[in-house]
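Comments concern the structure below.
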Amino acid sequence: MAMISSAIGGYLAGRLRTKWVGVQTTEVHFRDTAHGFLAWAAASVLGAVLLASPASSLVGGTLVGATQGAANAAQSSPMNGYVDTLLRSDNPSAQGQQSPSDTRGEMVRLFATSFHNDSDLNPADRAYVAKVVSARTGLSQADAEKRVNDVITQVKADLDAARKAAMQTAIWLTLSLFIGAFSASLAATEGGGLRDGTWGKKAYTPAINR
């Protein structure tokens, strides 16, 4: 889509221009290329502006939602599912007697901050989380530590997959921009050549007799 839209824009920029009289062939080719590139650049900037408005609204809504309290923030955190896994009890009846909001906010903040800064929990936080899991779920300390390690491994795997996906998206976006610029410039030379009737005709420079 980037290649097709850029090519159409570049072609129109070259085809609709005014015919230049008394300008050398190489200069005409350069100007057509520049017209196509500028058309691509203007469209890219306009597209970025149009996409920036919804993104700003989304970020603003997120910031407003974050001020509603730690409980709401805990419910909307990406770490919420991992904390559910950690605090899941093998005895549902015992779990129902406890308030799920007692330690959930603290755990979510701990996970979010640790994985944002260091991509892992430090040993002290691991020991604390294991104690909380053991107290909330009724697991032994060894089983609680194993569950914590399993969940942390899953978090790392998911974060790594998200980083790889973001990297691939950035690479493809960059390639699409380069391809769009090239397509617009080439199509502009075609449009200008068709406008002047010179497309596909090779210009030969006569040899100078000595």
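List of remarks:
- So PHE178, is it open to solvent by less than 50 Å² (accessible area, probe 1.4 Å) and assigned to a helix (DSSP H, G or I): no
- Test: ASN80 is under 27 Å from the mean Cα position of the chain (by Cα), at pLDDT below 60 and of a type outside the set (Gly, Ala, Ser): no
- Among the numbered conditions (1) over 32 Å from the mean Cα position of the chain (by Cα); (2) at pLDDT below 70, the only one that ALA127 does not meet is (2).
- Residue-level check: of (1) open to solvent by 50 Å² or more (accessible area, probe 1.4 Å); (2) modelled with pLDDT of 80 or more; (3) in a loop (DSSP other than H, G, I, E, B), SER101 misses just (2).
The values are calculated or read from the model by the stated rules, or taken from the named source; none is laboratory data. Being a predicted model, the structure only gives us computed values, none of them experimental. Quick note on the areas: whole protein, heavy atoms, side chains included, nothing else; ligands and nucleic acids left out. Shrake-Rupley method; radii C 1.70, N 1.55, O 1.52, S 1.80 Å.
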